[in-house]
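Notes follow the structure.
The values are calculated or read from the model by the stated rules, or taken from the named source; none is laboratory data. Quick caveat, the model's predicted, so the values are computed rather than measured. For neighbour counting, all protein chains shown are included, and Cβ atoms are generated from backbone atoms with ideal geometry for every residue, glycine included. Remember, those area values only see protein heavy atoms, side chains included, never the ligands or the DNA or RNA. Shrake-Rupley method; radii C 1.70, N 1.55, O 1.52, S 1.80 Å.
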Amino acid sequence: MAFNALTRSLRVGLAAAGLLGRNLIQVRRYRAVPLRCHGAYRLCGMQRMYLDQALALYAELHDGKPLDLPRRWLYRLAGDRLGVVALDIEGRVVGAAFYGFSPRDLAEGRVHSSFSGVHPAHRGRGLATELRRSAILHFRDHGVRGYSSRITADNIASLKPSLRLGFRIVERYRDTATGEQRFYLVCDFDDDYREAPAPAASLETGP
């Protein structure tokens, strides 16, 4: 039992070190996400002064479940280059988007979209679109071709909007931890991305 626990802890530690290492190396020469305005809102990189509010928003939109510790450290160290926040007129975080690079993303020239959300009181004002636009402009300016996402098959609320935006399902798999069927999707900025709603997209796996 003790050996298994030690092995598991070692695996977790190595995975966390890999996450931090590859992302910090990848963005070491990145500039911060530039400031943009959308009506009375401001959008910018997730600087440390905004991180706690962004993490609180993440937890609120995930039924109180916090972001895992390695990613909290990642965004503390490089949030201004890997995250975007939307601020209201009083400077409060009302929207946030988290990105990062997996080994597969680095090999394929993409960045992973792990979370994007807007506080319910500020939805319907285009902030979700502006969060995406800020990220696209930022990452494309640094040579990234597109982004990826993983969505559970029965999460229709996330899946359908993603398909309308131009995401393509390129892989179906079953999560070994939860047993859930999941989709791996990609969206290349210049070839796939759409801002306006399109006709119903297919759930068929792309080429």
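Per-residue packing, averaged as other Cβ atoms within 10 Å, sorts the ranges 102-109, 8-15 into the order 102-109, 8-15, beginning with the highest.
Legend: translational diffusion of the stretch 1-74 by Stokes-Einstein, Rh = Kirkwood radius over C-alpha pairs, 10 °C, 1.306 mPa s; D = 105 µm²/s. Remark: relative contact order (the chain) = 16 percent; criterion is Cα-Cα distance under 8 angstrom and separation of 6 or more residues.
In the context of the full set of protein chains, residues of the chain present 54 Å² of accessible surface per residue (probe radius 1.4 Å, heavy atoms only).
Backbone amide hydrogens, once placed in the peptide plane, bring ALA153 within less than 5 Å of GLN181, ARG182, PHE183, excluding anything fewer than 5 places away on its chain. Note on the stretch 9-68: with neighbouring protein chains present and a 1.4 Å probe, carbon and sulfur make up 59 percent of its accessible heavy-atom surface.
Each of ALA78, LEU61, GLN26 was placed along the dipole of the stretch 1-123 (beta-carbon charges, centred on the mean Cα), and the one lying farthest toward the positive end is GLN26.
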